[in-house]
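Shown below is the structure under consideration.
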Amino acid sequence: MSENIFLFIPNIIGYARIILNFIAFWYMTTDYVIAASCYVGSALLDAFDGHAARMFKQSTKFGAMLDQLTDRTATMCLLVALAYFYPQWMFLFQMSMTIDIASHWLHLHSSNMKGIANHKMIDLSGNPILRVYYTSKPVLFFMCAGNELFYSALYLWHFTEGPQIPLLFWSCGLWPLMFYLCLPIAVVKTGISLVHLVVASQNIGEIGRASCRERV
């Protein structure tokens, strides 16, 4: 009797993340404490599902897709709230959503077309930026966490500046401070997403050309 992959431990963790995200979305414009707590809780669980998959040998394509979609939809819904709170920056949020969705979708699709089981497994002889991004866990964590902190700080700043942090000649609220500190990380992360987009497009184009040559 085959195992029910939908009840694998990492996938159950994924379902818990989705529930937390739904709660965060519901309260995102009305109660920033509940929204932020659930959003951060979902992000923290993201660090455990991968460990659970490796520990219990329960890595599946469904789990990888579930994890990817949960990450993308969470960020997209946060950006929708930010566009609502900061309408003057709506175009930038729209561009960020477009680049994020398009780059990750193409990258995942090209990985599947090449028969790569995990989208984080890349050709080590390929693009050097993506090679460092995916093979160095500290770099990957730093970029992803910094990007999430950037948007989360901007979200929280709409409601409060947070506790005052004493600096050299003045004090600054925690959330605006985190926003400005993480701004360069978010910009670089967007640049990496554009590299994703270009490399994945090139890979899909090459697969298409190889398929045409086989038919000739």
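Any residue in region 127-154 that is in a helix (DSSP H, G or I) sitting within a Cβ distance under 8 Å of a residue that is open to solvent by less than 70 Å² (accessible area, probe 1.4 Å) and among the basic types (Lys, Arg)? List the pairs, counting only those 6 or more apart or interchain.
143/189; 144/189; 146/189; 147/189
Moving to a separate point now. Against the definition (over 20 Å from residue 85 (Cβ atoms) and open to solvent by 70 Å² or more (accessible area, probe 1.4 Å)), how does residue 168 come out, yes or no?
yes
Here is a further query. Scan 158, 196 and give me the residue that is part of a helix (DSSP H, G or I), touching a residue at least 60 places away in the same chain (Cβ under 8 Å) and open to solvent by 50 Å² or more (accessible area, probe 1.4 Å).
158
Taking the condition of being open to solvent by 30 Å² or more (accessible area, probe 1.4 Å) and assigned to a helix (DSSP H, G or I), how many residues in region 37-59 meet it?
Summing the residues that are open to solvent by 30 Å² or more (accessible area, probe 1.4 Å) and assigned to a helix (DSSP H, G or I) in region 37-59 gives 11.
Taking residue 102, is it in contact (Cβ under 8 Å) with a residue 40 or more places away in the chain and either touching a helix residue (DSSP H, G or I) at 6+ places or on another chain (Cβ under 8 Å) or surrounded by 15 or more Cβ atoms within 10 Å (Cβ to Cβ) (or both)?
Answer is yes for this residue.
I'm checking my understanding of the structure. Among residues of region 112-137 that are touching a helix residue (DSSP H, G or I) at 6+ places or on another chain (Cβ under 8 Å), open to solvent by less than 40 Å² (accessible area, probe 1.4 Å) and not hydrophobic (A, V, I, L, M, F, W, C), which one is modelled with the highest pLDDT?
133
Tell me, which residue of region 66-84 that is among the hydrophobic types (A, V, I, L, M, F, W, C) and touching a residue at least 40 places away in the same chain (Cβ under 8 Å) is most open to solvent (accessible area, probe 1.4 Å)? Let's see the steps before the verdict.
To start, the set of residues in region 66-84 that are among the hydrophobic types (A, V, I, L, M, F, W, C) comprises 66, 69, 74, 76-83.
Restricting the remaining residues to those that are touching a residue at least 40 places away in the same chain (Cβ under 8 Å) gives 66, 74, 77-79, 81-82.
Details: 66: 26, 74: 8, 77: 50, 78: 6, 79: 2, 81: 8, 82: 0 Å².
Step by step, filter region 66-84, then rank; the result is 77.
Can you confirm whether residue 34 is in contact with a Phe, Trp or Tyr (Cβ under 7 Å, 6 or more places away or on another chain), open to solvent by less than 40 Å² (accessible area, probe 1.4 Å) and farther than 24 Å from residue 193 by Cβ? Walk me through it before giving the result.
Working: in contact with a Phe, Trp or Tyr (Cβ under 7 Å, 6 or more places away or on another chain): yes; open to solvent by less than 40 Å² (accessible area, probe 1.4 Å): no; farther than 24 Å from residue 193 by Cβ: yes.
For residue 34, the condition - in contact with a Phe, Trp or Tyr (Cβ under 7 Å, 6 or more places away or on another chain), open to solvent by less than 40 Å² (accessible area, probe 1.4 Å) and farther than 24 Å from residue 193 by Cβ - is not met.
Would you confirm, using the coordinates I've provided, whether residue 184 is open to solvent by 30 Å² or more (accessible area, probe 1.4 Å), modelled with pLDDT of 95 or more, in a helix (DSSP H, G or I) and of a type outside the set (S, T, N, Q)?
yes
What is the number of the single condition among (1) assigned to a helix (DSSP H, G or I); (2) open to solvent by 60 Å² or more (accessible area, probe 1.4 Å); (3) closer than 23 Å to residue 154 by Cβ; (4) modelled with pLDDT of 95 or more that residue 19 does not meet?
Result: residue 19 fails condition (3) only.
Report yes if some residue within region 203-216 is surrounded by 17 or more Cβ atoms within 10 Å (Cβ to Cβ) and at pLDDT 90 or above; otherwise report no.
no
Listed residues 25, 62, 93, 6; which is part of a helix (DSSP H, G or I), open to solvent by 80 Å² or more (accessible area, probe 1.4 Å) and either more than 18 Å from residue 148 (Cβ to Cβ) or out of contact with any Pro (no Cβ under 7 Å at 6 or more places or on another chain) (or both)?
Answer to the check: 6.
Here is a follow-up. Could you grab me the full set of residues in region 134-163 that are acidic (Asp, Glu) and under 16 Å from residue 79 (Cβ atoms)? Spell out the reasoning first.
Within region 134-163, the first condition is being acidic (Asp, Glu), and the residues that meet it are 148, 161.
Answer for region 134-163, where residues must be acidic (Asp, Glu) and under 16 Å from residue 79 (Cβ atoms): just 148.
The values are calculated or read from the model by the stated rules, or taken from the named source; none is laboratory data. Worth saying up front: this structure is predicted, and the values here are computed from it rather than measured. Because the Cβ atoms are built from the backbone with ideal geometry, glycine has one as well, and the counts that use them run over all protein chains shown. The protein model used for the area step is the full one, side chains on, heavy atoms only, and it has no ligands, DNA or RNA in it. Shrake-Rupley method; radii C 1.70, N 1.55, O 1.52, S 1.80 Å.
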